[in-house]
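Visitor: Encoded as structure tokens, here's the structure I'll be asking about.
The values are calculated or read from the model by the stated rules, or taken from the named source; none is laboratory data. Predicted model only: the values in this text are computed from it and were never measured. All Cβ positions, glycine included, derive from the backbone under ideal geometry; neighbour counts span all protein chains shown. SASA here: full protein model, heavy atoms, side chains in, ligands and nucleic acids out. Shrake-Rupley method; radii C 1.70, N 1.55, O 1.52, S 1.80 Å.
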Amino acid sequence: GKKLGYTFNNRNLHNVSLGQGQEVVAERALDLAAKEGHWVILQNIHLVAKWLSSLEKKLEQHGEGSHQDFRVFISAEPAPCPESHIIPQGILENSIKITSEAPTGMHANLHKALDNFSQDTLEMCSQEKEFRSILFALCYFHAVVAERRKFGPQGWNRSYPFNTGDLTISVSVLYNYLEASSKVPYDDLRYLVGEIMYGGHITDDWDRRLCKTYLEEFIKPEMLEGELCLAPGFPLPGNMDYNSYHQYIDDALPPESPYLYGLHPNAEIGFLTQSSEQLLRTVLELQPRDSSAGEGGVGSREETVKALLEEMLEKLTDEFNMAELMAKVEERTPYTVVALQECERMNVLTAEIRRSLTELELGLKGELTMTSDMENLQNSLFLDTVPESWVKRSYPSTASLGSWFADLLARINELEAWTRDFSLPSTLWLGGFFNPQSILTAIMQTTARKNKWPLDKMTLQCDVTKKSREDFASAPREGAYVHGLFMEGARWDAQAGIITEARLKELTPAMPVVFIKAVPDDKQDTRSMYPCPLYKTRQRGPTYVWTFNLKTKENPSKWVLAGVALLLQ
């Protein structure tokens, strides 16, 4: 206020946080402020969508004849999607708009994190060296967790609203603990920051493990001995003043790269590729949708769709005859139950595909009236995306329609081969199941029944072989051989039998065949192991399937920070 030539006391400023019936208070504040020349701050107007038209009228009313010093400041959270844009156009047109966007890149994020403090902050603690070192490490931690989001699911399984409040309150906690104790309580600090301040936002167990691992790497006794690197080539600075820390960032922080986050450079290739694909898909969806072909065109939209749906209907096989399959089954073992369940789910999907394609074919011939569902299906076929009604009955997939349909036919072939005599295939294609957990559970159930072990005291052991699918002629006596796994974030060294650094530009190298067997909990070897999550797709998050322990010579924390996971696609 002073900078703009105004002098204020609390009576000149009306700050209203909207929601919970505060609209009446806001209207009174606006009326009084317009008359007396006060300022009004209206916070969180996105919470009162129905009142916004009244606000627009009120602002229009006070636009003329009000005191010359009268000002209104409005704040709102950004809308998650265009459909959620609720602020009236009149308010937007008549206002000066300011958006606060997070900085991009580690350099800008680290400077911004440090900007929340000052020289006075650095001098306020009696244990000055410890306080400054941990404060800088917390600033780096904050910058890492905020900026890691750009790497998509390999960065975080879900996106979290980490904010500067998390950092400042963590530093306050750090100050209080150091003032109360002569020794640095590393475990307590890591717990409070990782499980409460930042962990309070986190809803995914694997993301919680990642947050915890960062803190174990950044906040530990070695940090006071000058032996800690926050990133390759970036040691934790010693005891400096405030401006020197900013200068140290400019001088010593390596150029922006995934290494600053503990990730492999492939992570950047992956997220840039996905961003490009998203952009190109959006451009494709924006093209005109009239059915006439342009000059020199290879055929109209309708002709393209007709040719595609005819080809799909021709290739689509008949549904599984469940009555016949049931009659074939001599004993309902856990494996046969899984096979039958998979056939039932496949029938639901293929029936919907056949129904919707046949309906669209009749619509294009003019024998049926085109409905909105048929138009949506036509658009999906033309844009090479999987139609919505198919997705609802399908399995998670990130593939385009052409790849998805080829994958569907391969899944049907696998089921047909399995249900000929219901003997377990020599190697199972784990990614070919609607519900991969079911076959993994069946492995445990079969072993538990055979050896009379309690099911709840068992776990799956994962041994990676050196062979490919073609090298196996029959299934093992216990457990199962599994093929079709891929690794993201690293690769498997088949000769050494351990996880190792990924090769550049090999984003998801294939794994050899994996032998999975059930063992009692207490017989599982957990030494030098990385607990590796298995997901159905690169979207990770809700597509989680299981956890397999994989051998590693490196500290498992390296693979946690690198976002290493197994994928079924």
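Visitor: Mind checking which residues of segment 260-276 are hydroxyl-bearing (Ser, Thr, Tyr) and surrounded by fewer than 18 Cβ atoms within 10 Å (Cβ to Cβ)?
Guide: 273, 275, 276 - these are the residues of segment 260-276 that are hydroxyl-bearing (Ser, Thr, Tyr) and surrounded by fewer than 18 Cβ atoms within 10 Å (Cβ to Cβ).
Visitor: Can I ask one more? Report, by residue number, each residue of segment 319-340 that is in a helix (DSSP H, G or I) and either exposed (fewer than 15 other Cβ atoms within 10 Å of the Cβ) or of a type in the set (Val, Ile, Thr) (or both).
Guide: Those that are in a helix (DSSP H, G or I) and either exposed (fewer than 15 other Cβ atoms within 10 Å of the Cβ) or of a type in the set (Val, Ile, Thr) (or both): 322, 323, 324, 326, 327, 328, 336, 337, 338.
Visitor: Here's another thing I want to ask about it. Where in segment 182-260 are there helices (runs of 4 or more DSSP H), lying wholly inside it, with at least 2 residues that are of a type in the set (A, V, I, L, M, F, W, C)?
Guide: Fully inside segment 182-260 and qualifying: 205-218, 242-252.
Visitor: Could you say whether any residue in segment 472-492 is without any contact (Cβ under 8 Å) to a residue 40 or more places away in the chain and closer than 22 Å to residue 418 by Cβ?
Guide: Scanning segment 472-492, I find at least one residue that is without any contact (Cβ under 8 Å) to a residue 40 or more places away in the chain and closer than 22 Å to residue 418 by Cβ, so the answer is yes.
Visitor: Here's another thing I want to ask about it. Of 111, 46, which residue is in a helix (DSSP H, G or I) and within 30 Å of residue 268 (Cα to Cα)?
Guide: Just one listed residue meets the conditions, 111.
Visitor: State which residue is most open to solvent (accessible area, probe 1.4 Å) when the search covers only segment 376-396 and only residues that are under 17 Å from residue 348 (Cα atoms) and not in a helix (DSSP H, G or I).
Guide: Among those that are under 17 Å from residue 348 (Cα atoms) and not in a helix (DSSP H, G or I), it is 396.
Visitor: Taking segment 536-550 as the search range and keeping residues that are farther than 13 Å from residue 205 by Cβ and surrounded by 19 or more Cβ atoms within 10 Å (Cβ to Cβ), which one is modelled with the lowest pLDDT?
Guide: 538
Visitor: Now, a different point. Starting from residues that are under 24 Å from residue 151 (Cβ atoms) and among the polar types (S, T, N, Q), keep the ones in segment 271-293 and report whichever is modelled with the highest pLDDT.
Guide: Filtering segment 271-293 for residues that are under 24 Å from residue 151 (Cβ atoms) and among the polar types (S, T, N, Q), the one modelled with the highest pLDDT comes out as 276.
Visitor: Further question: What number goes with the only condition from (1) more than 22 Å from residue 321 (Cβ to Cβ); (2) touching a Lys or Arg at 6+ places or on another chain (Cβ under 9 Å); (3) outside any helix (DSSP H, G or I) that residue 420 does not pass?
Guide: Every listed condition holds for residue 420 apart from (1).
Visitor: Hey, residue 72 hits all of (1) under 19 Å from residue 92 (Cα atoms); (2) in a helix (DSSP H, G or I); (3) at pLDDT 90 or above but one; which does it fall short on?
Guide: Result: residue 72 fails condition (2) only.
Visitor: So which residues in segment 430-448 are touching a strand residue (DSSP E or B) at 6+ places or on another chain (Cβ under 7 Å) and surrounded by fewer than 19 Cβ atoms within 10 Å (Cβ to Cβ), if there are any at all?
Guide: Passing the criteria: 437, 448.
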